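What follows is calculated from the coordinates using simple rules that are stated; it is not laboratory data. Keep in mind it's a predicted model, so treat the numbers as computed, not measured. So basically every Cβ, Gly included, is an ideal-geometry build from the backbone, and we count neighbours across all protein chains shown.
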Amino acid sequence: MKREEWFQMKYEHKNTVIHRLSPEIKIAYSIAVSILIVILNSPRELFLLTAAVLLVLFLAGPGLQRIRFLFFAVTAVVLAVFASQAVFYSFEPRTAVFTLVPDDFPVVGRFTGGIYIYREGMIYGLVQSLRLIAALTMAVTVVISTHPAHMVEALVRLRFPRSFSFVITMSIRFLPLMFEQSKRIVLALRMRGVKIRSIGGALRMIRFIFIPLVVNSLRQAKIAAFAAETRGAGLDKNSPDGRRKSGFCNFNTFELITISFFIILMYVSIVPFKMGLGRIPFLYTFFFSVPITCVLFIGIGLIPKPGIVFFMVCGHRLFMQIMLTGINPLWWPYALIESSSLELFFLIRGRFLDSYGAAFSAGALRGSVVYLYFYLVSAPYIWHQFYAPWYIGIQTFLGAAGSAVGGMAGYRFALLIRKTYARSGL
Amino acid sequence: MIKVRRLTYTYPYTESPVLKNIDLDINDGEFVLIEGRSGAGKSTLLYCLNGIIPHLYGGNLTGEIDVNGLNPAALAGSRVASTAGIVFQNPDLQIFMPTVREDVAFGCKNSGLPESTVSVRVHEALTRTGLVHLADKAADELSNGQKQRLAIAGVYALAPDVFLFDESTTDLDEKGKKEFLIILERLKSEGATVIISEHEPGYLEHLIDKKISLKDGVIFSGEQESLPAEMPRHPPVISSGTAVRIKNASFGYSRRQKIFTGLNLDFRKGEFTAVVGDNGSGKTTLFKLILGILRPGKGEIELEGAVRYTLDDICGKAGFLFQNPDEQLFAATVEDEIAFGPRQLGMQCDTEAYLEAYGMRQYRGVHPYQLSCGERQRVAFISILAMCPEIIILDEPTTGLDRASWVRLMDTAAALNSQGKTVIFSSHNMNIVEMYARRVIRLETGRVVSDEIRA
């Protein structure tokens, strides 16, 4: 995501009718729009939905700059989806309305059997474009009109666990601090002559950024935990009025704040991959899996307690939704399945990450579960996108491989960070 | 009344105690300063007084602590908060809610106070800290000084018997410190018990009723080290050449947020210059412009003869040290840390000579994180010097360092200056500016309001 897009997806303090609505209503609105996007199929219904969602956006006073951003984003989406579906639509029956490359054209025509624009593909492309526009517009409306912390408060009122909500609140609170800190570390590295001129340079840079960033975050987490506890947060198991003393998800305040730092890191770690390596066609699954699994496994390596995967994965998903896309429970099973599979893996082993082999297996498991669930459940039933079995097989393999590599890297980093942190005298 | 008897405390996983047999009496309404070098045990003592130790730190605590008849070690979190509230150094880590009002209410709500009491307490706390007009403002949008006042308001709302301040002015500029001082004066006049630990307590002299000096974990009655009398220590070597020339430069982070408009400034080779001003006055932006990290929208900046350069172009010619050493250390040993930069630039580096020259030989194989904060900052500094820069820029490098540490660091800078290197630094600590700077440039919202050469 580009810097301008970050800016566009940010809460803006205003007093419009949409800003004044309670966050609960906006959560209900997000859920309703998300479900309608999935169940509506005809272009006319989706067009009406999109028009309604756009109207709500205008009531939220998005401002000229944001409208311009939305217009360009929407145009790009519509053109890309519409064009690709019109040309590559593969379902039958299909009616060719225009020939781009005839089947007797040398090489390309003979190889592909001709390239045509199909009427059914154009309609399908239009439907998919409208879905994406509606989802994007809803997300912008909710995000610009609701302060993330108020969204979290609403989730608490809706009976989300207190400690889980605290983690999300802290992630929101500390996101700008973490950004600033990582910028300063990158600057310090550049002042010391480290240059990013190749993929190797970028990977080296990540290594050098990670350790000071995490060690500093752990130090800050400790102070923030002190400050929260001395203002009666009562989340710490050691605190006499701590409300949770044992069982699953038994974290103290320091651990909860540390988890929130890792949620931010998961959120931030995928950005360079979204902009660079993650855009490499076909291989993006591999490159996308590496950083996110790496950060997840550093967290598991540093806080090896039951519930850590659940807190990090589900926390990250919810954080992304609050910050960027609006609350959409249709994606929650995705996070729940990912976290339960890993929690179960560690439960059966009876140990957390204690070797590269364990990190490799857990990573491969994560990648397999996540991508199989995506291609077999999420894509067809939520996004109405269908993939060939061979494609699913290759992408799942690449996802599992990327997660295994990320898992091992995360384990390695966790060892290094533990060592460095122990030396830092805290 | 606070009574401490035979207090000894050892952190987890360490062998030697940080506090040893501390005996202490503090009367109600007293204003107490805790002084001592980094690592003397100042913060640890404060943490013991409000129950952070042992509740959150663990470790081994023996002896007795009595705060107004209560033992913090045996109190519940919310009771501790209303007995001894603490304000830390970094205000950003003490703010939890989106708006000023909500953040002040955070502790009261956690303590289970009824809504009507919460709103009265919040209003009272905001009034006392001068934040009423900012009550509905986003906490993120406050200045550092305002954020620290917000942290105090959050504690104030819990109506504690004792206020503890753990180096709370470290991140504040002059204006922030003045605002902070007004609150302390008010607390004193209201008869509150205040215990404050500070590296630079000069501005508090008129408030202090009692001083507790800590050295290596024990209370001692000797004098703390005073500021070195001789200043500056090294004669400057100023040549006629220009190190940095800023010609009519304009810069803003956005069209609306202009920082500099038509800025003209020259730094001669061999000058030792301090750039001072409140947070947001443009000091760091000026340094980033000089270093090519940012580019001026209009005008030109020339560094050692180079124009239209980037950071990569001048890396090695100019060195930049900033506040937090932990964001600038990357290697596993001090020796590797010093060699890190030269290695990236393909330069030869005699690490042995640097270790020897700066008295770091005994730390050669030690992980930089194992050193004290002052030593870590020195390692970061030496690592930059190992790249042989002609211009050295230090952006508030002494923040959070005790007196002995900043004197060592700035002495190193002064020694380099005497060899002809150009040194430009910023600091909120006017003692340092007075002692070392030959030229002082004061910035106010991007404008140079004064530029003095000192005799």
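The figures follow:
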| quantity | calculated |
| --- | --- |
| Hull-based mean projected area of the stretch A:1-143, where the convex hull spans the alpha carbons, in square nanometres | 10.5 |
| Under the Debye formula (equal points on every Cα, no solvent term), log10 I(q)/I(0) of the stretch A:99-146 at q = 0.19 Å⁻¹ | -0.68 |
| Normalised contact order of the stretch B:252-344, rounded percent, pairs of Cα under 8 Å and 6 or more residues apart | 15 |
| Kirkwood Rh (inverse of mean 1/r, distinct Cα pairs), the stretch B:1-149, angstrom | 17.1 |
| 16 Å tail of the calculated P(r), the stretch B:397-445, as % of Cα pairs | 38 |
| Mean separation of Cα contacts under 8 Å, 6 or more apart, over the residue count of chain A: relative contact order % | 17 |
| Principal axis dimensions, the protein assembly as shown - Cα atoms, whole angstrom, descending | 95, 68, 54 |
| Shape box of the stretch B:32-79 [Cα atoms, principal axes, largest first, Å] | 31, 24, 21 |
| Cα-based Rg and Dmax for chain A, where Dmax is the largest Cα-Cα distance (Å) | 23.1, 81 |
| Dipole magnitude of the protein assembly as shown, debye to nearest 20 (Cβ charges: Lys/Arg +1, Asp/Glu -1, about Cα centre) | 1920 |
| For the stretch B:118-198: rounded, prolate or oblate by the Cα gyration tensor [a/c cutoff 1.5] | oblate |
| Relative contact order (%) - criterion: Cα under 8 Å, at least six apart; region: chain B | 16 |
| Candidate aspartates and glutamates for bridging to B:K211, where Cα separation is under 13 Å - those fewer than 8 sequence places away on the same chain excluded | B:D25, B:E30, B:E35, B:E198, B:E223 |
| Karplus 3J(HN,Hα) series, Hz, for the stretch A:390-399 with 6.51 cos²θ - 1.76 cosθ + 1.60 (x for Gly, Pro) | 5, 5, 4, x, 5, 5, 5, 4, 5, x |
| In Hz, Karplus ³J(HN,Hα) per residue of the stretch B:26-41 (6.51, -1.76, 1.60; θ = phi - 60°; x = Gly, Pro) | 10, 7, 4, x, 7, 10, 10, 9, 9, 10, x, 6, 4, x, 6, x |
| Order by protection proxy (mean Cβ within 10 Å, highest first), peptides B:119-130, B:94-105 | B:94-105, B:119-130 |
| Rg/Rh (Cα only; Kirkwood hydrodynamic radius) as it applies to the stretch A:158-221 | 1.15 |
| Average partner coverage of B:106-113, which counts Cβ from other chains inside 10 Å | 4 |
| Compactness of the stretch A:63-145 as Cα Rg over 2.2 N^0.38 Å, two decimals | 1.43 |
| At 1.306 mPa s and 10 °C, Stokes diffusion of the stretch B:103-152 via Kirkwood alpha-carbon radius, µm² per second | 142 |
| For B:312-325, mean number of other protein chain Cβ atoms within 10 Å | 3 |
| D (Stokes-Einstein, µm²/s), Kirkwood Cα radius, the stretch A:277-349, 1.567 mPa s at 4 °C | 97 |
| Per DSSP, loop GluC sites (Glu not before Pro) in the stretch B:1-56 with at most 12 further Cβ within 10 Å | B:E15 |
| Helix B:174-189 vs. chain B, principal-axis angle (Cα, 0 to 90°, nearest 10) | 20 |
| Overall dimensions of the stretch B:336-399 as given by Cα atoms, namely Rg and Dmax in Å | 11.6, 32 |
| Bridge type composition, chain B - antiparallel percent by DSSP, nearest 5 | 50 |
| Translational D in µm²/s for the stretch A:308-365 (Stokes-Einstein at 10 °C, 1.306 mPa s, Kirkwood Rh from C-alpha pairs) | 129 |
| Dimensionless Rg over Rh [the stretch A:308-424; C-alpha; Kirkwood] | 1.02 |
| Pairs of alpha carbons in the stretch B:325-434 whose separation is greater than 24 Å (percent) | 19 |
| Centroid-to-centroid separation of the stretch A:169-195 and the stretch B:332-375 [C-alpha atoms, Å] | 23 |
| Per-residue mean of C-beta atoms belonging to partner chains within 10 Å, peptide A:181-190 | 5 |
| GNM flexibility winner over chain A from A:S163, A:S341, A:S355 (Cα, springs under 10 Å) | A:S355 |
| Degrees between helix B:403-418 axis and first principal axis of chain B (Cα, 0 to 90, nearest 10) | 10 |
| The stretch A:28-100: trypsin sites (Lys or Arg not before Pro) in DSSP coil with no more than 16 other Cβ atoms inside 10 Å | A:R94 |
| Dipole-positive endmost among B:I392, B:V440, B:Q419 within the stretch B:368-440 (Cβ charges, Cα centre) | B:Q419 |
| Residues of type aspartates and glutamates that B:K175 reaches as a straight line, Cα spacing below 14 Å, ignoring anything fewer than 8 places off in the same chain | B:D278, B:E444 |
| Amide hydrogen neighbours beyond the local backbone of B:Q89, cut-off 5 Å, H modeled | none |
| Per-q log10 I(q)/I(0), the stretch B:68-144, q = 0.21, 0.23 Å⁻¹ (Debye; single scatterer per alpha-carbon; no solvent) | -1.05, -1.19 |
| Solvent-free Debye scattering, log10 I(q)/I(0), computed from the Cα coordinates of the stretch A:106-187 at q = 0.10, 0.17, 0.26 Å⁻¹ | -0.58, -0.87, -1.10 |
| Residues of type aspartates and glutamates that B:K269 reaches as a straight line, Cα spacing below 17 Å, ignoring anything fewer than 8 places off in the same chain | B:E302, B:E304, B:E390, B:D451, B:E452 |
| Cut-off under 5 Å, modelled amide H: who pairs with B:E444 long-range | B:V449 |
| Ratio of Rg to Rh over chain B (Cα coordinates, Kirkwood Rh, two decimals) | 0.99 |
| Chain A: Lys pairs at Cα distance under 25 angstrom, eight or more positions apart or on different chains | 22 |
